[in-house]
Amino acid sequence: MYDNLFEPIQVGPVTIANRIVRSAHGTGLSGEDLISYHEARARGGVGMSTLEATGVHAGAAGRLQLFNDSCIPFYEQISARVAPYGMKLFQQLYHAGASYRSRNGFPMRWSPSPIANPMTGVVPIEMTQTMIDDVVAAFASAARRCREGGLDGVDIHASSGYLIHEFLSPATNHRTDRYGGSLENRMRFLVEVTEAIQAEVGGGSFAIGVRLPNEDHVPGGLTAGQDAEIAQLIEPLVDYVSLHMGAYWRFHTLIAPMDDPLGVELAADEVITRTLTKPTIVVGRIMTLDDASRIVASGAADMVSMVRALIADPELVNKARRGDVSSIRPCIGSNMGCVGQLMTTGVLSCVVNVAAARERAVPFDPQGLAAVRKRLLVVGGGPAGLEAARTAALRGHEVHLYEALRHLGGQVTMAATAPHRADLSAITEWLAGECERLGVKIQLGTMVDPDVVADLDPDEVIIATGGMPRRDGFQVSTPAAAIPGHDLPHVFTSWDVLGFGGRAEIEGPTVVFDDTGTFEAISVADVLLAAGVPVTMVARLEQLGANVPYPPVTVEAARERLMSGAFDFIGGHHVRQITDDGVEIGVLFTDRSRWLAARTVVIVTHNHPNRELAEILADEGRVIHLVGDVRGDNTIMQAIHQAADVARGI
């Protein structure tokens, strides 16, 4: 199975053992934590991994100082750790240009032209010839240090809106000298960097690759056809070409969320890869081995980068080799754990893998059996209950899982029915299969009360009973008073719209009130728009999906989709009242008020946690653990991580 993925490939002087690779991506890690992160993927069978983009110049430094020899001992360490597994290790070299996040404005950003950057909001300094020469030399010196540290190659980052890409793109390069204007001139900086690296480290056993854009997604920027010209011109100077879409003008194209189709970048990629003879690497929502195999078989690319899939399961390659594909923990592609956490907390994580970026301290699966085997009752079959049951079963406990509904999955099952959210169910379906494989005793369609608990008499109880939508007119802005008109017959919850526990009768125009800033209200709007009615979303918070981790890469694709239809968004308001034909909204602590016509109103507010059973069992002296929404949290990541931590500790 997938034999074409396990064929070696020659990349210049380096032999890559298979076609599953990991292109560079941020982690927020350093030292031993970064080594352990990459070592786990090397142990898992990955053919090639590229360390995250690191600044070559002191004027745009990263965590690792590539601009002096202090980086060499780290490279020696990480090279020695991954070498026994056969994974080839590269370093991505870059200068962030106008995207560099300097502190207090120092050092100042450099760029080909003084074009304000959407990430930093700063107008950079236009580089002089002296600055250009300085950076070119820094690229070459950095490559030498990588080679001296024992790495197998370097990846020149000429994409993602960073400095080299800024020179390449007519949207950001407005120069009139020999570095601007024609394609030849705009390529000059990249060519000089590549030639300098070749002069410094070329001709031996060290490989040199380049990562190019396949499409800018910036008005007036590079198209796939223009990028094909760039690739053909730079190809003779490198050993491989890696392609990547986008820039920070449209952040979500850099790491496509589940809103985008699988293999979202391939249409642009193939315009370029079909014209090249050197090995190629593609990325972009390649989530399964079926997808990867199909891409390689079609000739669209020689190697496939599966970064997020390998964050979710670092053993993916080895499991595939063994024919054990069903045991691969799936990535759901929400971006809320990986890049969402990286951009908000500074460190990568993963919705479905509690060990991601914690490999030094946390094993991927619990190691060894519990010292004392116990009978455990898990109440609730959503993601928290399923992860708790699976983990406890792996540790040798006798696990009984009871679910009130006649199917497993909890609220994920409901959320996955919304447009563009089907991938959510991949993890609960996988967890359910794991529970069955591990012998968890599952009882569906069964409400758990104290008598059921007494009959089973478990040693400990894990409560994963989730929550229910409130129908009492509650909103965070006015917690002491219900929304007037909340009990009118045309007022619904998200569950009603999604067809769970009720059925909304949809008539336009509609108003959706988002009190939580999560994806729940976005999914409601998607359903209403699909029903053919106009939607106005009113939100307590100022931004669509404001509480979703880093909206530019998690919510922005959905915002574009909604805004392309009959959709309007009003932030920073609360609901004053609901009437038969409209909604009055206002700005808290002001007299401002406005009316919106509405024949259907949906209130998306915080759920009521189902804690009644937990309170009774606690009074009885039972040992209980609360995980997931019943704790008052409302994300699948919190549910899975809490459940894993609790079950690993029993």
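The values are calculated or read from the model by the stated rules, or taken from the named source; none is laboratory data. These numbers were taken from a predicted model, which means no experiment stands behind them. No Cβ is skipped: glycine too gets one built from the backbone with ideal geometry, and neighbour counts run over all protein chains shown. Heavy atoms of the whole protein, side chains included, go into the accessibility calculation; ligands, DNA and RNA do not. Shrake-Rupley method; radii C 1.70, N 1.55, O 1.52, S 1.80 Å.
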Residue ID - most open to solvent (accessible area, probe 1.4 Å), chosen from residues in the stretch 433-462 that are part of a helix (DSSP H, G or I) and either closer than 18 Å to Asn610 by Cβ or touching a helix residue (DSSP H, G or I) at 6+ places or on another chain (Cβ under 6 Å) (or both): Asp451
Some residue of the stretch 149-164 being modelled with pLDDT of 95 or more, more than 27 Å from Ala80 (Cα to Cα) and over 27 Å from the mean Cα position of the chain (by Cα): no
Selection status of Ala393, in a helix (DSSP H, G or I), touching a Pro at 6+ places or on another chain (Cβ under 6 Å) and surrounded by 19 or more Cβ atoms within 10 Å (Cβ to Cβ): no
Near pairs, Cβ below 9 angstrom, 6+ apart or cross-chain, from the stretch 557-583 (under 13 Å from Ala521 (Cα atoms)) to any residue that is among the aliphatic types (A, V, I, L, M) and exposed (fewer than 14 other Cβ atoms within 10 Å of the Cβ): Phe569/Met563
Top-ranked residue of the stretch 97-110 - restricted to ones that are in contact with a Lys or Arg (Cβ under 8 Å, 6 or more places away or on another chain) and in a loop (DSSP other than H, G, I, E, B), ranked as most open to solvent (accessible area, probe 1.4 Å): Tyr100
Test: residue in the stretch 74-91 that is assigned to a loop (DSSP other than H, G, I, E, B) and within 30 Å of Asp313 (Cα to Cα): yes
Which listed residue is open to solvent by less than 40 Å² (accessible area, probe 1.4 Å), more than 23 Å from Val238 (Cα to Cα), out of contact with any Pro (no Cβ under 8 Å at 6 or more places or on another chain) and aliphatic (A, V, I, L, M), from Ile295, Ile328, Ile281: Ile328
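Identify, from the list Phe519, Phe492, the residue that is crowded, with 18+ Cβ neighbours inside 10 Å and more than 30 Å from His641 (Cβ to Cβ). Show your work before the answer.
Details: Phe519 fails: more than 30 Å from His641 (Cβ to Cβ).
Just a single option satisfies the conditions, and that option is Phe492.
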Failed item in (1) modelled with pLDDT under 95; (2) of a type in the set (S, T, N, Q); (3) farther than 30 Å from Ala309 by Cβ, with Ser99 passing the rest: (3)
Test: residue in the stretch 368-376 that is open to solvent by less than 20 Å² (accessible area, probe 1.4 Å), under 13 Å from Ile462 (Cβ atoms) and either at pLDDT 95 or above or not in a strand (DSSP E or B) (or both): yes
Among the candidates Tyr37, Tyr2, residue that is in contact with a Leu (Cβ under 6 Å, 6 or more places away or on another chain), surrounded by 21 or more Cβ atoms within 10 Å (Cβ to Cβ) and not aliphatic (A, V, I, L, M): Tyr37
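Taking the stretch 60-100, which residues are touching a Cys at 6+ places or on another chain (Cβ under 7 Å) and touching a residue at least 24 places away in the same chain (Cβ under 8 Å)? Quick ask: steps written out before the conclusion?
Taking the stretch 60-100 first, the residues touching a Cys at 6+ places or on another chain (Cβ under 7 Å) are 64-65, 75, 91.
If the condition is that a residue be touching a Cys at 6+ places or on another chain (Cβ under 7 Å) and touching a residue at least 24 places away in the same chain (Cβ under 8 Å), then Leu64, Tyr75, Gln91 are the ones that fit.
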Qualifying residue in the stretch 58-77 (condition: of a type in the set (Ser, Thr, Tyr), more than 24 Å from the chain's Cα centre (by Cα) and open to solvent by less than 10 Å² (accessible area, probe 1.4 Å)): yes
Meets criteria (on the phi < 0 side of the Ramachandran plot, of a type in the set (Val, Ile, Thr) and in a helix (DSSP H, G or I)) for Ile311: yes
Residue list for the stretch 465-480, restricted to those being charged (D, E, K, R) and without any contact (Cβ under 8 Å) to a residue 24 or more places away in the chain: Arg471, Asp472
Filtered residues of the stretch 232-283 (kept if within 17 Å of Glu556 (Cβ to Cβ) and of a type in the set (Phe, Trp, Tyr)): Tyr248, Trp249, Phe251
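Identify all residues within the stretch 548-567 that are more than 28 Å from Met637 (Cβ to Cβ) and either open to solvent by less than 20 Å² (accessible area, probe 1.4 Å) or in contact with a helix residue (DSSP H, G or I) (Cβ under 9 Å, 6 or more places away or on another chain) (or both); write none if there are none. Give the derivation first.
Of the stretch 548-567, the ones more than 28 Å from Met637 (Cβ to Cβ) are 564-566.
Within the stretch 548-567, Gly565, Ala566 meet the criteria.
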Checklist (1) part of a loop (DSSP other than H, G, I, E, B); (2) open to solvent by less than 40 Å² (accessible area, probe 1.4 Å) applied to Gly323, failing item: (2)
Subset of the stretch 475-485 (residues that are buried (at least 19 other Cβ atoms within 10 Å of the Cβ) and not aliphatic (A, V, I, L, M)): Gln475, Gly485
Hey, Glu166 over 22 Å from Ser49 (Cβ atoms) and buried (at least 22 other Cβ atoms within 10 Å of the Cβ) or not: yes
Residues of the stretch 537-549 classified as in contact with a strand residue (DSSP E or B) (Cβ under 9 Å, 6 or more places away or on another chain) and closer than 21 Å to Phe474 by Cβ, total: 7
Scope the stretch 115-166; condition farther than 23 Å from Ile208 by Cβ, part of a loop (DSSP other than H, G, I, E, B) and among the hydroxyl-bearing types (Ser, Thr, Tyr); matching residues: Thr120, Thr128
The one condition in (1) of a type outside the set (A, V, I, L, M, F, W, C); (2) more than 19 Å from the chain's Cα centre (by Cα); (3) open to solvent by less than 20 Å² (accessible area, probe 1.4 Å) that Pro257 fails to fulfil: (2)
Selected residue (only one of Val512, Val538, Val548, Val497 is modelled with pLDDT of 95 or more and in a helix (DSSP H, G or I)): Val497
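I want to confirm something. Restricting to the stretch 169-184 and keeping residues that are open to solvent by less than 30 Å² (accessible area, probe 1.4 Å) and either in a helix (DSSP H, G or I) or not small (Gly, Ala, Ser) (or both), which single residue is farthest from Tyr248 (Cα to Cα)? Don't jump to the end; show me each part of the working.
First, pick out the residues of the stretch 169-184 that are open to solvent by less than 30 Å² (accessible area, probe 1.4 Å): 169, 171-173, 175, 179-180.
The next check asks that each one be either in a helix (DSSP H, G or I) or not small (Gly, Ala, Ser) (or both); those that pass are 172-173, 175, 179.
Working: Thr172: 12, Asn173: 15, Arg175: 21, Tyr179: 22 Å.
It comes out as Tyr179.
For Gly410, state whether it is surrounded by 21 or more Cβ atoms within 10 Å (Cβ to Cβ), at positive phi and touching a Pro at 6+ places or on another chain (Cβ under 8 Å).
yes
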Given (1) within 27 Å of Ala480 (Cβ to Cβ); (2) over 35 Å from the mean Cα position of the chain (by Cα); (3) open to solvent by 30 Å² or more (accessible area, probe 1.4 Å); (4) at pLDDT 95 or above, index of the condition Gly621 fails: (1)
